[in-house]
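Take a look at the structure below.
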Amino acid sequence: MGKVNINSAEVTVRELRLGSITGFAGTAAELVGCSNSGGLKDSSRSFSQCMGCSSGNAFCQLSMIQDAAMVNHAPVGCAGDFFGYNFVYRVGQMERELPPVIGRYFNTNLDEMDTVFGGSRKLEATIKLAYERVKPAAIFVTTSCASGIIGDDVEAVTNKLTAELGIPVVSCFCEGFKSKIWTSGFDSAYHSIVRKIVKPPEQKSNRVNIINFWGSDVFSRLLNRLGYEADYIVPFSTVAQLERISEAAATIQICPTLGTYLGAALEQVYGVPEIKAPVAYGLAGTDAWMRELGRVLGREQEIEEIIAEEKAAVLPKLAEYKAKLAGVTCYLTAGSAHGHALIALLRELGIEVQGAAIFHHDPVYDNGDPASDMLEHTVKTYGDVPNYNVCNKQAYELANILNRVQPDLMIARHGGMTHWGAKLGIPTLLIGDEHFSWGYQGLLNYAERILETLDNREFVTNLAKHSIIPYTKWWMEQDPYTFLGGHVHVQTY
Amino acid sequence: MSKLIEQPRYSCALGVQQSVIAIPRTVPVVHAGPGCSTKIHGFLGQGEGYAGGSTIPCTNASEAEIVFGGEGKLRSVIDGAFKVIDADLYVVLTGCTSDIVGDDVGQVTRDYQDLGKPLVYVETGGFKSNNYVSHDHVIKAIVEQYVDKFAEGRGVIPGLVNLLATVPYQDPYWIGNLQELKRLLTGIGLQVNVLFGPESEGISEWLSIPQAQFNIVVSAWPGLRSAELLERKYGTPYYHFPYLPVGGIETGRFLREVTGFGALDQDSAEAFIRSEERKFYAHIERTADFMLEFRYGLPRVFYTMLDATYAVGFAKYLLNELGILPAETQYVVDQTPEEYRGRIADQFRHISERRSAAVEFVEDGGAIQEAIRANKPKQRALLLGSGWERDLARELGADLLPVSVPITYRLILNCGYAGYQGGLRLIEDIYDRVLDTYR
């Protein structure tokens, strides 16, 4: 993990920057032990299924900036995620009572000739047309495997057009093949923002950056009471708003897997303190996070009052839920830090976590502070988790494990996973809004949804009766980690 | 040179993974970067099917495969796919990474084929074409690398036809359309290989492809290359109906022409058609008063922003059977190859006996929307487009029926617009949207 360097056009991928891995089988405590001792090794899979790539994750952060336009320098298939993000954008507009607006996303439609003669001219033409049609405050250019391999000088084109059009035209390097960890795309997006959009602070503000996706507003009430205002970034912000995030009083991350780079960059480059604590899921995590927030904002006294109030309101109800959930077993699949947070939350509710398939593992975040290590916090607070698998969406492993473990409940955080539980007759829950389970109240919210899911058995029972699993009988009888091996030290790939 | 695209309505060559997963018990093995399959599935798919979505085996090409080549990784994933995925046929599809660095995927595949494995390959690097074009490439690969090797039956089976009618998932209504077309062709005495979807027997149908009496293409242009291939290889003649037959007039024309082409029993075919027409027009007649009398406003002019097959088929039906007039300019969004454009323009020129419309071939949806905004319709309009048209429709006070991908605002199971049943369904869907606008 090096210092943030905003003079470089690209940010180094997570494998090299943080030593992140995508393959591990063992227990959570073993993984934490390896991470902390520097002995973390990655495992590759000799059989794999399709994953996600950086370009999608970069796009999801940049494409909902209200007055920016997107240019994806790629063959048209890479634009397959345009509409999905446009849909998310529009759902968010409804929730925020914004007028309906379509996402302005352009694809350069690279073809065979371009792979021979280069696609720079096409990129230039596309940026100009996007500017004419949209008159945006900024244009972001995301790259692709094709543009990367043919070696188009995207940075030169964007620099030239920045001068010509008089708005920031910013390249975001997020070629899919460059990283096995698709969350590297978040870092690419944030790097573009920090190096080309954010301006040096002129004055300190009472605003607090909240690096998030597009969740519900759970922070305003807390921050307003402390005399601060919540500034949700990056989706649904404006370019002008992003220019000033350097002036914020602090940065909150709802999930360090998402915000590790931006949080650290704002602190290192502009001195905006980042809240370095476990994220606020589960009682202990929320206590620690609240106290750190109070410390950074200089509101220790007020925070203690809020903690006491909220706990007094939540704890009796929590005890009721715990009684109802006693003995329930669960298997979880989720992205990295949010997965760690959900484990904490489930354990707090008294649910037995029988295992987890977590998409990747960052042994350290860009701030370098062990206080932010949510998995370590979870293991220390609630004990070890068996069957802890670092697994980048490999559904065949998941189907095999679920069939073996047969939990009462499966929780998935990402699409494409839930039906493996349901097809096996296991009630399965997916909650899209990360903020739903945040803080003390989040425990109750989540508990209620779990009870509802456990009670809703008819659908999955019938589905399981009529489902055909595409995996061979042979595979379902093998060790789930049969194809995981060939240890590669993270330094060498 | 291909042009830039705002609001894409089709995918790249690799998008054809969706055609592969549409074949029962067939699985793609994607040799591409890590995000391709997921993006394609997200854009075109509604549901994983048997082995699509998160099930798709993929090499997830990384820097190492770009620098050192990805053949080893591909072999390893193919080995795993045979062990882990329970399928009849495995189809290797390459992506940009593999096609640019030049992996010899043909050689890798041949090594498995030499061992008798049901494996074929197609080069589908995204930049090479789009999924309308590569759909024919996949059919060619399966025919040449699998059917020719494993087909045991010999000789023409009278009455057996292969139907090449839709690009699965790119056509959101492919299942329903195949269902209706199969029902109709069965009705005039044919046995139909639909090749894709739940109406298909799967790989046994593919193995009988060479034995068809003739082939039927129901499409403006995708599928034609396959019919030509089968004619060259097996001498199978083909009948081509160049748009989607919707409703009474065009479905009748289609079935009568097929009957003639295949020298089928005229009397029984005619009896079937008459019985279908009687039922179809009973509905039209029953609702004619609604169409004529509903005084609060019905769409009177339509815009198609669809692929050529749908654009022509819908235009003919809406004008000739529902009395909705075509806007001056219609749009075809499927990057129709130059050689087919003349015929499509001609169809629009003779959309009815007395009316014509101009057609423009534009892939850039943003440009189409700008053109429509610049020349707003005076009457209440019906947009036959995609999910991208939501705001445009609101601005124009128009009714929108999403027919093309992205189709996100509809959940489609076996809804189809082909044939008699499709024609009725289209009426229901259009006027359902229209009536729903009243408070």
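Just so you know, all these numbers are worked out from the coordinates, no wet-lab data involved. What you are looking at is a predicted structure, and each value in this text was computed from that prediction instead of being measured. Because the Cβ atoms are built from the backbone with ideal geometry, glycine has one as well, and the counts that use them run over all protein chains shown.
How are the C-alpha pair distances of the range A:407-460 spread across 10 Å bins, as whole percents from the shortest bin up?
Histogramming the range A:407-460 at 10 Å steps yields 25, 52, 22, 1 percent.
Do me a favour and compute the ellipsoid semi-axes for the range B:272-435 from its Cα gyration tensor, root of five times each eigenvalue, largest one first, whole Å.
Working from the Cα gyration tensor, I get semi-axes of 24, 19, 16 Å.
Ordered by packing density, taken as the mean number of other Cβ atoms within 10 Å over each peptide's residues, highest first, how do A:440-447, A:6-13 rank?
On the way: A:440-447: 21.2, A:6-13: 16.8.
Top of the packing list down: A:440-447, A:6-13.
From the backbone phi of the range A:106-117, what are the Karplus-calculated ³J(HN,Hα) couplings (6.51 cos²θ - 1.76 cosθ + 1.60, θ = phi - 60°) in whole Hz, Gly and Pro given as x?
10, 10, 6, 6, 4, 10, 4, 4, 5, 5, 8, 9
Checking a compactness column here: for chain A, what do you get for Rg(Cα) / (2.2 N^0.38 Å), N being the number of residues? Please report the intermediate quantities before stating the final value.
Details: Rg = 22.6 Å, N = 493, 2.2 N^0.38 = 23.2 Å.
Here the Cα radius of gyration is 0.97 times the empirical estimate.
Which of the GluC sites (Glu not before Pro) across the range A:95-150 are loop residues per DSSP, with 13 or fewer other Cβ within 10 Å?
Numbers: sites: A:E95, A:E97, A:E112, A:E124, A:E132; in loops: A:E97.
Those satisfying the criteria are A:E97.
What number results when the radius of gyration of the protein assembly as shown, computed over Cα atoms, is divided by 2.2 N^0.38 Å? Intermediate results must be reported in sequence, preceding the final value.
Details: Rg = 28.5 Å, N = 932, 2.2 N^0.38 = 29.6 Å.
Here the answer is 0.97, to two decimals.
Need one value for A:152-163: mean number of C-beta atoms belonging to other chains within 10 Å of its residues' C-beta atoms.
Working: counts 0, 0, 0, 0, 0, 0, 0, 0, 0, 0, 0, 0.
So the per-residue partner count for this stretch is 0.
To test your reading of the geometry: what angle, between 0 and 90 degrees and rounded to tens, separates the Cα axis of helix B:419-435 from the longest principal axis of chain B?
Taking the Cα atoms of chain B, the angle to B:419-435 is about 60 degrees.
In terms of modelled amide H atoms, which long-range or inter-chain residues lie less than 5 Å from the amide H of A:Y232?
Amide H neighbours of A:Y232: A:I210.
When only alpha-carbon atoms count, how far does chain B stretch along each of its three principal axes, as whole angstroms with the largest first?
Largest first, chain B extends 68, 52, 38 Å along its Cα principal axes.
How much space per residue, in cubic angstrom, does the convex hull of the C-alpha atoms of the range A:54-179 take up? Please list the in-between numbers first.
Values: hull volume 11.6 nm³, N = 126.
Cα convex hull per residue, to the nearest whole number: 92 Å³.
Could you order peptides B:30-38, A:68-76, B:194-202 by the average number of other Cβ atoms within 10 Å of their residues, highest first? Numbers along the way, then the final one.
Numbers: B:30-38: 32.2, A:68-76: 29.4, B:194-202: 20.9.
Ranked by mean Cβ neighbours within 10 Å, highest first: B:30-38, A:68-76, B:194-202.
Based on alpha-carbon centroids, what's the gap between the range B:58-99 and the range B:282-303 in Å, whole number please?
Their Cα centres are 54 Å away from one another.
Pick out, from B:V67, B:N162, B:V147, the residue whose Cα sits farthest towards the positive end of the charge dipole of the range B:28-171, with +1 on the Cβ of Lys and Arg and -1 on the Cβ of Asp and Glu.
Looking along the dipole axis, the top candidate is B:N162.
Apply the Karplus parameterisation 6.51 cos²θ - 1.76 cosθ + 1.60, with θ equal to phi minus 60°, to every residue of the range A:271-277 and state each ³J(HN,Hα) to the nearest whole Hz, in sequence, with x for glycine and proline.
Here the 3J(HN,Hα) series is x, 7, x, 9, 6, 9, 7 Hz.
Helices from chain A with mean Kyte-Doolittle at least -0.5 and a Cα length along the axis of 24 Å or more, per DSSP H: which?
Values: long enough: A:300-325 (35 Å, -0.32); A:439-455 (25 Å, -0.27).
In chain A, the long hydrophobic H runs are A:300-325, A:439-455.
Could you give the semi-axes, largest first, of the ellipsoid that matches the range B:160-265, computed as the square roots of 5 times the alpha carbon gyration tensor eigenvalues and rounded to whole Å? Please report the intermediate quantities before stating the final value.
Values: eigenvalues 65, 56, 38 Å².
In descending order, the three semi-axes are 18, 17, 14 Å.
In degrees between 0 and 90, to the nearest 10, how far off the longest principal axis of chain B does helix B:174-187 point, with axes built from Cα atoms?
80
In whole percent, what relative contact order does chain B give with Cα contacts below 8 Å and a gap of six or more residues?
Numbers: 826 pairs, mean separation 73.2, N = 439.
Reported as a whole number, the value is 17 percent.
Taking the Kirkwood radius as the inverse of the mean 1/r across Cα pairs, report the Rg/Rh of the range B:13-132.
On the way: Rg = 13.0 Å, Rh = 14.0 Å.
Computed over Cα atoms, the ratio is 0.93.
Among the lysines, select those whose C-alpha is under 25 Å from the C-alpha of B:K376, and discard any that sit fewer than 8 residues away in the same chain.
List returned: A:K135, B:K316.
State whether the range B:313-370 is rounded, prolate or oblate according to the following rule on the C-alpha gyration tensor (a ≥ b ≥ c being the square roots of its eigenvalues): a/c under 1.5 gives rounded; otherwise a/b larger than b/c gives prolate, and the remaining case gives oblate. Write out the running numbers ahead of the final one.
Values: a/c = 2.34, a/b = 1.42, b/c = 1.64.
In terms of gyration-tensor shape, oblate.
Assigning unit charges at the beta carbon (Lys, Arg +1; Asp, Glu -1) and nothing else, what dipole magnitude in debye, to the nearest 20, does the range B:228-365 show about its Cα centre? Kindly include the intermediate steps, with their values, before the conclusion.
Values: 16 positive and 23 negative charges, 70 e Å.
With Lys and Arg at +1 and Asp and Glu at -1, about 340 debye.
Relative contact order of the range B:160-265, please, whole-number percent, based on alpha carbon pairs below 8 angstrom and at least 6 residues apart.
Values: 148 pairs, mean separation 30.4, N = 106.
Contact order relative to length: 29 percent.
If you take the Cα Rg of the range B:265-363 and divide it by 2.2 N^0.38 Å, with N the number of residues, what do you get? Numbers along the way, then the final one.
Details: Rg = 16.4 Å, N = 99, 2.2 N^0.38 = 12.6 Å.
Rg over 2.2 N^0.38 Å, computed on Cα atoms: 1.30.
Would you compute, from DSSP H runs of 4+ residues alone, the mean residue ellipticity of chain B at 222 nm, taking -39500 (n - 2.57) per run and dividing by the full residue count, rounded to the nearest 500? Mind dumping the intermediate values first?
Working: 17 runs with 196 residues, N = 439.
Calculated mean residue ellipticity at 222 nm is -13500 deg cm²/dmol.
On a 20 Å Cα-Cα criterion, which of the cross-link pairs B:K3/B:K140; A:K393/B:K73; A:K178/B:K39; A:K473/B:K83 come out too long? Please list the in-between numbers first.
On the way: B:K3/B:K140 27 Å; A:K393/B:K73 18 Å; A:K178/B:K39 17 Å; A:K473/B:K83 10 Å.
In this structure, B:K3/B:K140 exceed 20 Å between Cα atoms.
Calculate the mean, over all residues of peptide B:6-19, of how many other protein chain Cβ atoms lie within 10 angstrom of the residue's Cβ.
Mean number of neighbouring Cβ atoms from other chains: 5.
Using amide H atoms built 1.01 Å from N in the peptide plane, name the residues 5+ places from A:V169, or on other chains, whose amide H lies under 5 Å from its own.
Residues meeting the criterion, in which the H sits 1.01 Å from N, are A:I139, A:T162.
What dipole magnitude, in Debye to the nearest 20, does the range A:205-249 give about its Cα centre under +1 on Lys/Arg Cβ and -1 on Asp/Glu Cβ? Can you show the working numbers first?
Working: 4 positive and 5 negative charges, 30 e Å.
Value, rounded to 20: 140 debye.
Placing unit charges on C-beta atoms (Lys and Arg positive, Asp and Glu negative, everything else neutral), compute the dipole magnitude of the protein assembly as shown about its Cα centre in debye, rounded to 20. Each step should come with its number before you reach the end.
Details: 84 positive and 109 negative charges, 188 e Å.
Here the protein assembly as shown has a charge dipole of around 900 debye.
Please average, across the residues of A:469-478, the number of beta carbons from any other chain that are within 10 Å of each residue's own beta carbon, and give a whole number. Mind dumping the intermediate values first?
Values: counts 3, 12, 6, 6, 1, 3, 5, 2, 0, 2.
Mean number of neighbouring Cβ atoms from other chains: 4.
Cβ neighbours within 10 Å, averaged per peptide: list A:55-63, B:179-187 in order, most packed at the top. Show your work: numbers first, answer last.
Numbers: A:55-63: 26.6, B:179-187: 21.2.
By packing density, highest mean first, the sequence is A:55-63, B:179-187.
Please list the non-local residues whose amide H lies under 5 Å from the amide H of B:L325, H modeled 1.01 Å from N, same-chain partners needing a gap of 5 or more.
Distant-sequence amide H within range of B:L325: B:V301, B:F302.
Using only the alpha-carbon atoms, how far is helix B:71-84 inclined from the longest principal axis of chain B? Give it as 0 to 90 degrees, nearest 10.
Long axis of B:71-84 versus the principal axis of chain B: about 70 degrees.
Starting from 0 in steps of 5 Å, tell me what percent of the Cα-Cα pairs of the range B:16-57 lands in each bin.
Over the range B:16-57, the share of Cα pairs per 5 Å bin runs 5, 27, 41, 21, 5, 0 percent.
If we count every other residue with Cβ under 10 angstrom of A:V76's Cβ, Lys/Arg +1 and Asp/Glu -1, where does the sum land?
Net charge around A:V76: -1.
D for the range A:286-492, whole µm²/s, Stokes-Einstein with Kirkwood Rh over alpha-carbon pairs at 37 °C and 0.692 mPa s: what number? Intermediate values should be presented prior to the final figure.
Working: Rh = 18.6 Å.
Estimated via Stokes-Einstein, D reaches 177 µm²/s.
How about A:K380: which lysines have a C-alpha closer than 24 Å to its C-alpha, ignoring those fewer than 8 places off in the same chain?
By straight Cα distance, A:K380 reaches A:K41, A:K276, A:K311, A:K322.
For the protein assembly as shown, give the share of DSSP beta bridges that are antiparallel, in percent and rounded to the nearest 5; count only bridges with both residues there.
Values: 14 of 92 bridges.
Of all bridge pairs located within the protein assembly as shown, approximately 15 percent are antiparallel.
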